[in-house]
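Coordinate-derived values only; no laboratory data. In this text the structure is predicted, and so the values were computed from the model without any measurement. Glycine gets a Cβ as well: all are built from the backbone with ideal geometry, and neighbour counts include every protein chain shown.
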């Protein structure tokens, strides 16, 4: 194992070790190769803290470790700020504090072991427990002895990333909700089993004959057992039915409470009188089935919510503020008008303002949808939220917070969300009719029996209410939605809001954003035109050599094409123009044609010289012309075609230039498109469609898409999109695979079909059972069997969605 | 069948105990992580914390 180090895989992360790498770590006496400095540092940290057993226990290779850069460490230190900690830390007496962390990079149970052992060994950490199912950790520490950032840093040192999240917001609510649901389920389940046992004895007694005293005893015990099930487990149905009634609605809980309450009251009456039918078995079973259905639905909802939470980082955006030449990293909220801020290449602009020094290209695609970076010189406006690409910029802040362009978009988003047109849920609509019909019928039956046989009127009316017990009806929707949501989550399509699947099935129009949604959102080399004997590859190598230290998207695209380039010397960059440098003794320039012309004193005019192309030239003249384009995502064409085949109208709304939008639309076969749309324009287009009766599904990724995402009846955000887009969307395409959209639409339609089948089945069952009950032919045991079979049919039908989702 | 008058109340008491145990398990967080503990039990926590001699780990790999 010690000999041929070169061909091996990294001992830590399993990636191949590059031939040039010499990173070795002694683990238990043997020297193991590592692929990079990050992995080496992590492995060394694990060895140093005596936790090498990790390598023995683990069942998966760890993810490749990345070194934290000093800026990231400075950002971690922000978590120590008292004002920030208030939102996610609970303070206990004697200076100990507690918070919850999201742990990234956990792949197997050994990771949990490693993290727990490593962090617990830190002085000052009082408790650290990792939940393997949710990848969350709870940590309690003594703030006098250790800072939160030290704990986060220690976790980074062994190759994981942790960031706090606000447990009060969701985690606590989820846990309480889950525990309450489990308690209710436990009481209902155990109660149901006991009552059922007694019910079997009573049914057998009907046939074989039973001592009257014993029979009465069993009935009383059944009642005793049902009371906690009704009062404790079934309480939630009654409270939400009451809430519905007060809002003058007939929801699903109204017939449920009516059935449970009615059957229970009738049975209590019969028990007290000592004659008549009892329905305690049906009541408890009904309660248990419904609670179980809702418990599973809640589980699916929580899992989706937790996955969505991982997309949200609590850390406020930070900026480098300059105070008399000293640089200081502060949260964006601390910035005020007039502050001088340094923006490095790759950082985002913290607020609206003006450039005071330097010039660079700025990527505004997330805010405007424009796919090409824009040049910003001293005096030019900078919009908060855009990304600096090329060289450092010094800016002066003009406006912060509420007055920025970004907050204007957020306000538009809030308004769009409030005005969102809803689609009533199918089950609720059916429930309304069902309850109304049921009440009329029950009244009719009661009236008829009152006229003819007043002695039986009460018993028969109640048996009508019990037999029509809407168990299957109310399980129909949650069972189908739970199964479908689970299947889609496995595909990487996260459903964050309950109505999304049903609404998606109704969608008539599907509207796409261009940059970052249909396209990858970054430039790639499209074509090369050469003018001399120098061939394409040679030109590319020289170009890549010149672009080596640049963050500009064009530079990155060139470097990606020619990974092994010669070294360039005497580099000179003119932002917005190009770069000059010496490669292999010759002086070259790359950039806009005018800039290259200056070098060769020639006048090469190149056709189609746009922002998305550069010219390479030396002192003798132009050598090559490179064109770039934002490429379509894999599967975009198939997705659009299949969506159109599914009967959806596909439209394209983009903030980009007309010709870019036009070419994408024609490649994909989209007839309707709109270029240069601001968020307001996009929203207006959607409102126009909606007022014509369309159900609009929107797919986007940027900040500029957020208001439209919120305004559309159902919306999907790309997993790599902005947080604002995630927050305003109903579903998130975590996989970033466009074809999964088609799967989502198909699944949603199948879900709707299954819900309809389930509702139809439940109604048919009720229509058959009702007349039998109305004439007084249904014995309680028939009601119990009928009810459980119909519920079972509904659940099994819903489970079909789960299986099909896999294929 | 008179024995039922005794057996059924006993079953009620047992059921009460079962519910109490269940509620206790929920309260003490035993349903929070259904996967982790199954793995945890397999990992030794009583190893000496100082780096061990290589001799002790011949069995590894």
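What to note about this one:
- Extension reserve of the residue A:772-residue A:87 stretch, reckoned as 0.36 nm per residue once the Cα distance is removed: 240.6 nm
- Helical runs assigned H by DSSP (4 residues or longer) give chain A a calculated mean residue ellipticity at 222 nm of -16000 deg cm²/dmol, each run adding -39500 (n - 2.57) before division by the residue total.
- Number of partner chain Cβ atoms within 10 Å, mean per residue of A:115-128: 1
- Separation of the residue A:587 and residue A:490 label points, Cα + 7 Å toward Cβ, nm: 6.5 nm
- Simple label model, 7 Å out from Cα along Cβ direction - residue A:48 to residue B:35, nm: 3.1 nm
- Contour minus Cα-Cα distance for residue A:175 and residue A:497 (0.36 nm per residue): 114.0 nm
- Packing order of peptides A:613-622, A:9-18, highest average first: A:613-622, A:9-18 (average count of other Cβ atoms within 10 Å over each peptide's residues).
- Directionally averaged shadow of chain A, computed from the convex hull of its alpha-carbon atoms, nm²: 44.4 nm²
- The shape of the stretch A:320-383 can be summarised by an equivalent ellipsoid whose semi-axes, obtained from the alpha carbon gyration tensor, come to 21, 13, 10 Å from longest to shortest.
- Each of the peptides A:645-655, A:768-778 was scored by the mean count of other Cβ atoms within 10 Å over its residues; in descending order, highest first, they stand as A:645-655, A:768-778.
- When A:59, A:508, A:485 are sorted by how many other C-beta atoms sit within 10 angstrom of their C-beta, beginning with the fewest, the order is A:59, A:508, A:485.
- According to the calculation over all Cα-Cα pairs in the stretch A:503-562, the P(r) per 5 Å bin from zero is 4, 16, 18, 15, 12, 9, 7, 6, 5, 5, 3, 1 %.
- Computed from the C-beta positions of residue A:97 and residue A:548 and an R0 of 41 Å, the FRET efficiency is 0.30 to the nearest 0.05.
- Label-point separation in nm, residue A:452 to residue A:342, each point 7 Å along Cα→Cβ: 9.4 nm
- If the chain linking residue A:15 and residue A:429 were pulled fully straight, counting 0.36 nm for each residue of separation and taking away their Cα-Cα distance, it would gain 143.5 nm.
- In this structure, residue A:322 and residue A:684 have a Cβ-Cβ separation that, at R0 = 41 Å, corresponds to a calculated FRET efficiency of about 0.50.
- Mean separation of Cα pairs under 8 Å and 6 or more residues apart, divided by the residue count, gives chain A a relative contact order of 11 percent.
- In this calculation the C-beta distance from residue A:80 to residue A:532 is compared with R0 = 60 Å, giving a FRET efficiency of 0.50.
- Per residue, the convex hull volume that the Cα atoms of the stretch A:675-807 enclose (Å³): 147 Å³
- Highest average first, the peptides A:705-717, A:195-207 ordered by how many other beta carbon atoms sit within 10 Å of their residues are A:705-717, A:195-207.
- Value of relative contact order over the stretch A:675-759, rounded to a whole percent, pairs C-alpha under 8 Å and six or more apart: 20 percent
- For A:490-499, mean number of other protein chain Cβ atoms within 10 Å: 0
- Global form of the stretch A:479-521, assessed from the alpha-carbon gyration tensor, a/c cut-off 1.5: oblate
- Compared with the rule-of-thumb size 2.2 N^0.38 Å for a compact globular protein, the stretch A:429-538 has a Cα radius of gyration ratio of 2.34.
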